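Each value in this text was obtained by applying a stated rule to the coordinates, not by laboratory testing. Keep in mind that this is a model prediction, so the values were computed, not measured. Ideal geometry is used to build each Cβ from the backbone, glycine not excepted, and the neighbour counts take in all protein chains shown.
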Amino acid sequence: MIQLCSVEELTPGTVTRIARPDLPAPLALVKVGDRVFCIDDTCSHETASLSDGWLDGHEVECPLHESRFDVRTGRPDCPPARRSIRTHAVRLVDGIVYVEESSVAAEEPAR
Amino acid sequence: MSTIAVVGVGLAGVRAGEALRAQGHDGRLVMIGEEAVEPYDRPPLSKQVLLGTYEACDIALTDTASRAELDAEWLLGTRATAFDPVTRHLTLSDGQSLHAEGVVIATGARARTLSGVPELDSVHTLRTLDDARRLRDDLSRPGRVAVVGGGFIGAEVASAARALGHEVTIVEFEQMPLLRQLGSAAAGVLRRLHTDHGVPLVTGVSVTGLVGRDRVQAVSLSDGRSLPADVVVVGIGAVPNTEWLAGSGVALDNGVLTDEWCRTTVPGVVAAGDVAAYRCRGGRRLRIEHWTNARDMPATAARSLLATLRGEDPVEQPAHDPLPYVWSDQYDSHLQIAGRPDADDALELVSGSFDSGFVAVYRRDGAVTGVLAVDSPKEFGRLRRELRGTWATR
């Protein structure tokens, strides 16, 4: 497990970017209600940071081209994005957010 | 079981087909595309495709799964050449005749060309995948590139050609690129983007001729100068593809005229995307050639067409009245523009600086009419959302 941050650092209604040398890819965290969701921060369409985007319920809108991704499934709702982004299981222990190491390991791009 | 024909399978056509299915059309769906290739997305043509980072498979608009879900008959490499509103028959370029209760016109627009100049091999427009491949081949050899037109296509091609190591010059009729669309402050920023990257602009001139036998050697300009060039790319706008509708009863005027619900003057015929000159609230007529409009307009067209075919009144459905949005990638910068500013609206910096990344708003009589950003997506998104709120209630 990789420790990411404390739950208190996550502001409801915003997307928090976590990019660190020990993470193979930048991640984005979203707190909705009591749950915390973790997705890849980089849009599956072109290089945009989803943490710059708009959060509406469980959906994050890419700041460049407006595809919206469901943080629960990673699926985009409309073009230009066609591919899902990765979602990662998080664990909350004593108010700290952890993510599974194998889950965020770098993977070959689909293309 | 009714048949709906979607004429044109660019983004608007594909989205129309998808929207028709999503909204419950379970009859026959025929997708008619002039090009013989599977539907593809156009924005990367002037960027990643020219640079060679994307191939055709990277810009496909459909895949095996989405085509299966669409459950359509595809007539690719086929054009509609006529439509008879009485018998409701489409005539196709292969001689076939197709009966359709509903028709979606999504034939888009084609690149405008220079008139009165000879056709030479190394003179390009950029609209299709074939165009992009031919231009990419020409850019694979060393040579000087002249880009005619400093709009988005011209700017992106200039940027790609520069990245490929070419000496590039832009020829622009106005004193600055996009001056009439964005005003002098923003146009000045765009001009600087070019000059900072070693791409000079020759402004206030038009092209009067092309010199060369098979391939171009130089561009003759209206001020008497001659600009040496081995490759010329012409990016001077687009013309809606409406010729096939002559005599169909579908009213045309620089595009297919539609109302707010994408209905043409012929019942059961709707239009969407670049080809559609729609009437928005307030009666103004707009033909928007932006990608986002082609993505979003077909949903209204499909809803309205299906309502008509069911004998219902589409006016009960939401009208098409989006906040316009367009982006452009030039050199390493990402431009975003929302709204519909006039060139003489005041441009006011919100954050950043015109020399690097910034967000600025256009104002007229105190009210925001548009948002312009360079490399500031987050702040742009916030202001665009605010503008969207006032847009909906204006």
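Table for the structure above
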{"quantity": "Hz values of 3J(HN,Hα) by residue in region B:182-199 - Karplus curve (6.51, -1.76, 1.60), Gly and Pro given as x", "calculated": "10, x, 6, 5, 5, 4, x, 5, 5, 4, 5, 3, 5, 5, 4, 9, x, 10"}
{"quantity": "Region B:193-309, dipole about Cα centre (Lys/Arg Cβ +1, Asp/Glu Cβ -1), debye to the nearest 20", "calculated": "300"}
{"quantity": "Computed over region B:246-394: relative contact order in percent, which uses C-alpha pairs under 8 Å that are six or more apart", "calculated": "14"}
{"quantity": "Chain B, helix-only ellipticity at 222 nm - DSSP H runs n ≥ 4, -39,500 (n - 2.57), divided by all residues, nearest 500", "calculated": "-8000 deg cm²/dmol"}
{"quantity": "Other-chain or far-sequence residues with amide H under 5 Å of B:L61's (modelled H)", "calculated": "B:Y40, B:D41"}
{"quantity": "C-alpha long axis of helix B:377-393 to longest principal axis of chain B, angle in °", "calculated": "50"}
{"quantity": "3J(HN,Hα) from dihedral phi, region B:20-28, Karplus parametrisation 6.51/-1.76/1.60, rounded to Hz, x for glycine, proline", "calculated": "4, 5, 4, 9, x, 6, 10, x, 6"}
{"quantity": "Added length on full extension, which subtracts the Cα-Cα distance from 0.36 nm per residue, B:R284 to B:S220", "calculated": "19.2 nm"}
{"quantity": "Local net charge near A:F37, Cβ-Cβ under 10 Å (Lys/Arg +1, Asp/Glu -1)", "calculated": "+2"}
{"quantity": "Length-normalised contact order of chain A in % [C-alpha pairs under 8 Å, at least 6 apart]", "calculated": "27"}
{"quantity": "Mean Cα-pair separation over length for region B:134-264, i.e. relative contact order, pairs under 8 Å, 6 or more apart, %", "calculated": "24"}
{"quantity": "Tilt relative to chain B, helix B:129-139 - C-alpha long axis, 0 to 90 degrees, to 10", "calculated": "20"}
{"quantity": "Computed lengthening from B:E348 to B:V37, 0.36 nm per intervening residue step minus Cα-Cα distance", "calculated": "107.5 nm"}
{"quantity": "C-alpha long axis of helix B:152-163 to longest principal axis of chain B, angle in °", "calculated": "50"}
{"quantity": "For chain A, calculated [θ]222 nm from helices alone, where every DSSP H run of n ≥ 4 adds -39500 (n - 2.57)", "calculated": "-500 deg cm²/dmol"}
{"quantity": "Whole-Å distance, taken between Cα centres, linking region A:89-104 and region B:1-68", "calculated": "40"}
{"quantity": "The protein assembly as shown, dipole about Cα centre (Lys/Arg Cβ +1, Asp/Glu Cβ -1), debye to the nearest 20", "calculated": "780"}
{"quantity": "Long-range amide H partners of B:I236 with built H, under 5 Å", "calculated": "B:R112"}
{"quantity": "Residue-wise HN-Hα coupling along region B:233-245, computed from phi with Karplus coefficients 6.51, -1.76, 1.60 (Hz; x: Gly, Pro)", "calculated": "10, 9, x, 10, x, 9, 10, x, 8, 10, 4, 5, 8"}
{"quantity": "Simple Cβ-charge dipole of chain B, Lys/Arg +1 and Asp/Glu -1, about Cα centre, in debye nearest 20", "calculated": "600"}
{"quantity": "Amide H partners (placed H, <5 Å) of B:T81, local residues excluded", "calculated": "B:T91, B:L92, B:S93"}
{"quantity": "Label-point separation in nm, A:A25 to A:M1, each point 7 Å along Cα→Cβ", "calculated": "2.3"}
{"quantity": "Simple spin-label estimate for B:D253 and B:H197 in nanometres, 7 Å along Cα-Cβ", "calculated": "3.9"}
{"quantity": "R0 of 25 Å, Cβ-Cβ distance B:R133-B:D63: FRET efficiency to nearest 0.05", "calculated": "0.75"}
{"quantity": "Between region B:249-306 and region B:366-394, the Cα center-to-center distance that results, in Å", "calculated": "24"}
{"quantity": "Computed lengthening from A:T11 to A:D94, 0.36 nm per intervening residue step minus Cα-Cα distance", "calculated": "28.1 nm"}
{"quantity": "Percent antiparallel among DSSP beta bridges (both partners in the protein assembly as shown, rounded to 5)", "calculated": "70"}
{"quantity": "Estimated distance in nm for a label pair at B:E73 and B:T53, the labels positioned 7 Å out from Cα along Cα-to-Cβ", "calculated": "4.2"}
